[in-house]
Amino acid sequence: MSDENVNRSIRELRLRLGMTQEEFAHAVAVTFSTVNRWENGHAKPSKLARRAIEGLARRGAPRREGTGSGDRMGGESDRLADAAMVVEPHQSHQ
């Protein structure tokens, strides 16, 4: 999967979860600017971050006050987890 696809997949997952970049960042324990860099192609998620994103995709967005179930994605969660995080290893230019 190309870097552009990874960036697009992260953004699509976040939007499907109905989350802002700040909310998504909090849910996967990174900074807002990190999520922004992922989505804009300036950085790629680490292995630890990819696992956190996969977990978020499987369980859905955290429950917000005044809403129903926290699993707002229904049956899509597994498909999104797989699609969002098929990531090639980052190649270092040394």
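Summary of computed values
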item: Of the criteria (1) touching a Leu at 6+ places or on another chain (Cβ under 9 Å); (2) at pLDDT below 95, which one GLY66 fails; result: (1)
item: Of all residues making up the range 6-60, the number that are in a helix (DSSP H, G or I), free of Cβ contacts under 8 Å to residues at least 60 places away in the same chain and of a type in the set (Val, Ile, Thr); result: 3
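The values are calculated or read from the model by the stated rules, or taken from the named source; none is laboratory data. These figures come from a predicted structure and were not determined experimentally. Glycine gets a Cβ as well: all are built from the backbone with ideal geometry, and neighbour counts include every protein chain shown.
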